[in-house]
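Just below is one structure, and these are the notes that go with it.
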């Protein structure tokens, strides 16, 4: 293996495990690019089955990273999801932590 | 937000917005408006002066009925400013149109296929590059009329033909959209 001395394993431990899951990362990225979206949109955009999406949205909601609420859109009841400030912050932190790790691995 | 993340979310937003509007409704109704305009010029029937724009009012209900249940609902963040490539592209198209009028303007009639062909190519190029079709049409339609009038070749038949092509494109995109996003049976509750 090439020199990876600059990589501190503690940085990897610092990665948020909620965000680190590829499924939840996809969901957060989708929600980061819209103001709010319903279940169907996220399912299509993130290419996730409804069951998988449901489970992972629950985890994100428990972590306070997304807000799930019932809303009427054009008189139709919908489950609307939006990313919270904590979610945005978590994604930014994850991105800024992961960047140097990947850079170190490439060296 | 760090730059890379910001750039990625911008790209995603653009992609989702494009897919959301890739249902062919806009294309169909712009085509319909052109066909109606052409028929109106041919027949002077007042019905077609209204028939052209009235169905545009159907876009929102149709979107509500066909698109949102399939692709889902999303509220997009405030629209981004027009990207530089679109502005440059629009400038090139306008320049080509102006040059055509200047140098070929005296030869009327026989140049019609050339004009429509060039504009069609420009339109296809723009769509291929993933430009927002609303922007493309906003550029394309005025140029179509300006160049056509400049050449005095904008006959009702050409308008109807171009409109029919756009309607055909709209139907194609609409069918493709319905196939790609089949109707959902439920709304997917239980997410909370």
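Does the stretch A:8-30 include one or more residues that are over 14 Å from the mean Cα position of the chain (by Cα) and closer than 30 Å to residue B:69 by Cα? The answer is no, given that none of the residues of the stretch A:8-30 is over 14 Å from the mean Cα position of the chain (by Cα) and closer than 30 Å to residue B:69 by Cα. Applying the condition of being away from chain A (no Cβ under 14 Å) and surrounded by 14 or more Cβ atoms within 10 Å (Cβ to Cβ) to the stretch B:172-182 and asking which residue is nearest to residue B:62 (Cα to Cα) yields B:174. Output yes when any residue across the stretch B:20-39 is surrounded by 16 or more Cβ atoms within 10 Å (Cβ to Cβ), within 27 Å of residue A:85 (Cβ to Cβ) and either within 14 Å of another protein chain (Cβ to nearest Cβ) or at pLDDT 75 or above (or both), and no when none is. Checked against the condition, which is being surrounded by 16 or more Cβ atoms within 10 Å (Cβ to Cβ), within 27 Å of residue A:85 (Cβ to Cβ) and either within 14 Å of another protein chain (Cβ to nearest Cβ) or at pLDDT 75 or above (or both), the stretch B:20-39 yields at least one hit. Whether any residue in the stretch A:54-62 is within 11 Å of residue B:73 (Cα to Cα), buried (at least 24 other Cβ atoms within 10 Å of the Cβ) and in contact (Cβ under 8 Å) with a residue 40 or more places away in the chain is what I want to check. No, the stretch A:54-62 has no match at all.
For residue A:30, the conditions (1) in a helix (DSSP H, G or I); (2) more than 9 Å from chain B (Cβ to nearest Cβ); (3) in contact with a helix residue (DSSP H, G or I) (Cβ under 6 Å, 6 or more places away or on another chain) all hold with the exception of (2).
For (1) touching a helix residue (DSSP H, G or I) at 6+ places or on another chain (Cβ under 8 Å); (2) in a helix (DSSP H, G or I), each residue gets a yes or a no:
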| position | (1), (2) |
| --- | --- |
| A:48 | yes, no |
| A:60 | yes, yes |
| A:69 | no, no |
| A:77 | no, no |
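Scanning the stretch A:75-96 for residues that are over 16 Å from residue A:37 (Cβ atoms) and surrounded by fewer than 17 Cβ atoms within 10 Å (Cβ to Cβ) yields A:75, A:85, A:86, A:89, A:92, A:93, A:96. Selection over the stretch B:20-31 of residues that are within 12 Å of the chain's Cα centre (by Cα) and assigned to a helix (DSSP H, G or I) gives a count of 7.
Evaluating residue A:47 against the criteria (1) surrounded by 13 or more Cβ atoms within 10 Å (Cβ to Cβ); (2) in contact (Cβ under 8 Å) with a residue 12 or more places away in the chain leaves one unmet condition, (1). Considering the stretch B:57-88, the residues that are at pLDDT below 75 and within 18 Å of the chain's Cα centre (by Cα) include one that is farthest from the other protein chains (Cβ to nearest Cβ), namely B:87. Of all residues in the stretch A:86-107, those satisfying the criterion of being closer than 16 Å to residue A:59 by Cα and more than 8 Å from chain B (Cβ to nearest Cβ) are A:86, A:87, A:90.
The rows are residues; the columns are (1) surrounded by 12 or more Cβ atoms within 10 Å (Cβ to Cβ); (2) touching a strand residue (DSSP E or B) at 6+ places or on another chain (Cβ under 6 Å); (3) without any contact (Cβ under 8 Å) to a residue 12 or more places away in the chain; (4) more than 10 Å from chain B (Cβ to nearest Cβ).
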| residue | (1), (2), (3), (4) |
| --- | --- |
| A:13 | no, no, yes, yes |
| A:19 | yes, no, no, yes |
| A:36 | yes, yes, no, no |
| A:73 | yes, no, no, no |
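Among the listed residues B:153, B:171, B:175, B:162, identify the single one that is at pLDDT below 85 and either in a helix (DSSP H, G or I) or on the phi > 0 side of the Ramachandran plot (or both). Only one candidate qualifies: B:162.
The values are calculated or read from the model by the stated rules, or taken from the named source; none is laboratory data. Everything quoted here is computed from the prediction, not taken from an experiment. All Cβ positions, glycine included, derive from the backbone under ideal geometry; neighbour counts span all protein chains shown.
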